[in-house]
Structure formats: C-alpha cells, structure tokens
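These notes are about the structure you will find just below.
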Amino acid sequence: MGMGIIVTIIVVVGILLLGLGVMGMYNGLVRGRNDVEEAFSTMDVYLKKRHDMIPNLVATVKAYAKHEAETLEKVIMARNESAPMAERIEQEKEISAGIRNLMVRCEAYPELKANTNFLHLQEQLVEIEGDIEKSRRYYNGTARQQNNRVQTVPTNIVANMFGFEKVPYFQVDDASERKNVDLASAFGV
C-alpha cells in the first residue's frame, strides 16, 4: 500500500470521527432543549392551574376587599401564554408577587379569613404553589444542564454553529423575595 492511500484512509477516518462527534454533541443539545421544554411545560400546567383558580379567589376577595382584588386582576390580565419563555417567566413572577401581596393584605379582613370558600381557595393555592416550586426546581435543573452544554468546550462550538442559546432560569430577582416564605402559615392553613 502506498503512503498516499494510508494518509487518505487516516483523513477519511478522522473526518468520520469528527462528524460523529459533532452529530453526538448536536443530538445532546437537542435532547437538552427538549428536556427544558418538557420541564417548562410541566411547570406551565401548574401555573395554568393557579391562573384558572385566581378568578374564584378574586371574586371571593372582592366581596370584602375590592381594591386588593382589582390590583391582582390587572396583573393577571397581562399574562400571555404565547409569549417567549423568558417573558412568560417574568409574567409569572409578577403574578406570584401579586398573589403574595393579596394574601398579606387579606389579613386585615377577619370576615374574609373566616369565609369557608376563601379558606378552601387558600388551601388549594398552598398546594399548587408547592407543585410550582417542585416543578420550578426541575425546570431550573434541566436549564442548568442545557446551559452547561451550550457554554462548555467543545459542545459550545456546535451550539454556536446551530444557534443553541442559554436558557433562562426561573428565579427570584428581588432580594426581598428571596426570604423563605411559609405560604401555609401566611395563608393560615
């Protein structure tokens, strides 16, 4: 065998190995993106559940505290399910803050706190918030894994070639909101 054939075989094998490596990295990035989308979708189910429950909460609160309920209604109306993931995350943060504010303000209305419908809604909200917290942790874990793939060598080269970008985390930006909040005790459950 001539030297030219051996060099050609080595080059072809090298190109094949490089191609397989790129293909493997690309497939890993696609799987990661799908994991992130699935995790967000799971979280979105709980967010929608909470969103669907809010009109009942607002109606119950309006009978006792009209101004507080109207404030929450304005925040809820801004929710856009077709918005990009990063924008949806910001909208949901505003809704969470609105619900927290509403519940804190409801403490000033003893008749409302004694209302059985309101108490039932509070219990449901506590449960849903727990589910959202768990799904948010799962989402953030998949986002971290994907972000690691997108930013580490050599996968970042493939990610840049095919347009993969960092995924936003669902995190609290306001330092005052980072304090541990016990929703059960805040809602009197």
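Here are a few things to note about the model shown:
- Pick from the stretch 141-185, criterion over 15 Å from ARG33 (Cβ atoms), of a type in the set (A, V, I, L, M) and under 23 Å from the mean Cα position of the chain (by Cα), ranking: modelled with the lowest pLDDT: VAL181
- Residues in the stretch 43-64 that are among the β-branched types (Val, Ile, Thr) and surrounded by fewer than 17 Cβ atoms within 10 Å (Cβ to Cβ): VAL45 only.
- Scanning the stretch 112-125 for residues that are crowded, with 18+ Cβ neighbours inside 10 Å and touching a helix residue (DSSP H, G or I) at 6+ places or on another chain (Cβ under 6 Å) yields LEU112, PHE118, LEU121.
- Residues in the stretch 91-111 that are surrounded by fewer than 16 Cβ atoms within 10 Å (Cβ to Cβ) and either in contact (Cβ under 8 Å) with a residue 60 or more places away in the chain or farther than 18 Å from THR71 by Cβ (or both): 5 in all.
- LEU18 in contact with a helix residue (DSSP H, G or I) (Cβ under 7 Å, 6 or more places away or on another chain) and either part of a helix (DSSP H, G or I) or among the β-branched types (Val, Ile, Thr) (or both): no
The values are calculated or read from the model by the stated rules, or taken from the named source; none is laboratory data. Being a predicted model, the structure only gives us computed values, none of them experimental. Positions of Cβ are generated from backbone atoms using ideal geometry, with glycine treated the same way; all protein chains shown enter the neighbour counts.
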